[in-house]
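Before any comments, here is the structure.
The values are calculated or read from the model by the stated rules, or taken from the named source; none is laboratory data. What you see is a predicted model; the values in this text were computed from it and never measured. Ideal geometry is used to build each Cβ from the backbone, glycine not excepted, and the neighbour counts take in all protein chains shown.
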Amino acid sequence: MSLDLGIPTTVSAKSSRPDVGPGLVDRFGRVASDMRLSVIDKCNLRCTYCMPAEGMPWLPKSMLMTIDENTRLVAIGVDLLGVRELRLTGGEPLVRHDLEEIVASIHERCPELSLSLTTNAVGLASRAAKLKAAGLERINVSLDSLHPGIFAQLTRRPMLDQVLAGIDAAKEAGFRPVKINAVLQRDINDHEASDLLAWALAGGNELRFIEHMPLDGDHRWNRTRVVDAAEIRAALETRFRLDPDPAERGGAPAERFEVRPPGAGLDTPALGRVGLISSVTEPFCAACTRTRVTAEGRVMSCLFSHEEFDLLEPLRAGADDEAIAQRWREAMWAKPRAHGSDTVGLTSPEYVQPERSMSAIGG
Ligand code: SAM
Ligand code: SF4
């Protein structure tokens, strides 16, 4: 098979995986080492781009992986499949009261693993120090507006104060920088791009804008409404100078820029950095190193996959580590070329949005 990224081989997704080594290799030569593990599908916010107002039919508790099950799957990933980074996500991971124990258990079993969390930060104020003590290394917080009213409109919950308190607590606990993820919605918070950046720079946080992807629970996504990375960059450049970050991008989804005051030369120290994640307009699928596991233990090789591979059922039925690892390899072998399909792109009329919303996958 070819190891050139993004170049299709002739091997069919349906054919079983040939012997291409022990790692999570797919048909296009990509190797996944970056695991996203959803620990819960529930959330305490209802962001319009992610969930319907009424929420979702939540998984029953019996279907959520326990602390030991989460730890075992991560250990299989690390010991047998080459997983090197783990991000815990959801739904909202802080909705799990045993999140600190999940972190501690994984950290104890896999001390070398880089361990991070994506959260909306509601309730983080009282838990950030405990998460740090449990072994968490990094935190990303999602925050789309600095105005209480707009925040409440976007998330359908009036909780901006809690989020800001959570970010402060994370910094006090030693998480630096806290990365901030923002999604802009046209005519709602798209005027806030440069205010969000000014705020992030002042607080020493690193901001990344994510283009709105068709993974909303309401299935109302429309390409013409997406505030794209080029537009966001132009908005930021009305107030800041942006220069491509000379650091190697690697498999990182964000294109990073150094930020300087307008008119400053390259010899002026940067105020900080900003990232643009162009998931819709310039997808980074060819360099993707992700493998995702949902809260009920299903591997999704891509956010936009229509196929899922259950690991929890064999795990609960007593399968050994190698059998589970092999199923995980098969799941990743079938990873589509880009955005859930080998042939159809996100903006094509033939594109079919997956049934799962972002919250039910683990973003
Ligand atoms: N609840 C946590 C949070 O909001 O950070 C973790 C899960 S959330 C699904 C993970 C990330 O996905 C958040 O940064 C959120 O903004 C992003 N997200 C959710 N739906 C999205 C969509 N349709 N397009 C782009 N990003 C989305
Ligand atoms: Fe909840 Fe995160 Fe989805 Fe917002 S983006 S509804 S906080 S899971």
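Overview of results
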item: Test: Val259 is within 18 Å of Arg208 (Cβ to Cβ), over 19 Å from the mean Cα position of the chain (by Cα), of a type in the set (Val, Ile, Thr) and not in a helix (DSSP H, G or I); result: yes
item: Selected residue (criterion: nearest to the chain's Cα centre (by Cα)) from residues of the range 43-81 that are more than 30 Å from Ile188 (Cα to Cα) and of a type in the set (Val, Ile, Thr); result: Val74
item: Residue tally, condition within 22 Å of Cys43 (Cα to Cα), touching a residue at least 40 places away in the same chain (Cβ under 8 Å) and within 15 Å of ligand 1 (Cβ to nearest atom), over the range 166-187; result: 10
item: Filter result (surrounded by fewer than 16 Cβ atoms within 10 Å (Cβ to Cβ), within 16 Å of ligand 2 (Cβ to nearest atom) and under 21 Å from Pro52 (Cβ atoms)) within the range 157-187; result: Pro158
item: Test: Ile106 is modelled with pLDDT of 95 or more, crowded, with 24+ Cβ neighbours inside 10 Å and at negative phi; result: yes
item: Options Leu160, Leu113; residue that is within 16 Å of ligand 1 (Cβ to nearest atom) and at negative phi; result: Leu160
item: Any chance Gly149 is more than 19 Å from Ser38 (Cα to Cα), surrounded by fewer than 21 Cβ atoms within 10 Å (Cβ to Cβ) and of a type in the set (Gly, Ala, Ser); result: yes
item: Unmet criterion (only one of (1) over 21 Å from Thr119 (Cα atoms); (2) at pLDDT below 95) for Val25; result: (2)
item: Residues within the range 85-111 that are without any contact (Cβ under 8 Å) to a residue 60 or more places away in the chain, among the aliphatic types (A, V, I, L, M) and more than 16 Å from ligand 2 (Cβ to nearest atom), tallied; result: 4
item: Met213, sole failed condition from (1) assigned to a loop (DSSP other than H, G, I, E, B); (2) without any contact (Cβ under 8 Å) to a residue 24 or more places away in the chain; result: (2)
item: Residue list for the range 239-280, filter: surrounded by fewer than 17 Cβ atoms within 10 Å (Cβ to Cβ), of a type in the set (Asp, Glu) and either within 19 Å of His191 (Cα to Cα) or in contact with a Phe, Trp or Tyr (Cβ under 8 Å, 6 or more places away or on another chain) (or both); result: Asp243
item: Meets criteria (over 29 Å from Ser33 (Cβ atoms), of a type in the set (A, V, I, L, M) and surrounded by fewer than 20 Cβ atoms within 10 Å (Cβ to Cβ)) for Leu236; result: no
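A quick yes/no check of all residues on (1) surrounded by 19 or more Cβ atoms within 10 Å (Cβ to Cβ); (2) charged (D, E, K, R); (3) away from ligand 2 (no atom under 16 Å from the Cβ); (4) under 21 Å from the mean Cα position of the chain (by Cα):
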residue	(1), (2), (3), (4)
Thr294	yes, no, no, yes
Met300	yes, no, no, yes
Leu303	yes, no, no, yes
Leu315	yes, no, yes, no
Ala338	yes, no, yes, yes
Gly345	no, no, yes, yes
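Quick grid of which residues meet (1) among the β-branched types (Val, Ile, Thr); (2) modelled with pLDDT under 95:
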site: Ile232; (1), (2): yes, no
site: Phe240; (1), (2): no, no
site: Arg260; (1), (2): no, no
site: Leu276; (1), (2): no, no
site: Pro283; (1), (2): no, yes
site: Arg292; (1), (2): no, no
site: Phe304; (1), (2): no, yes
site: Asp310; (1), (2): no, no
site: Leu315; (1), (2): no, no
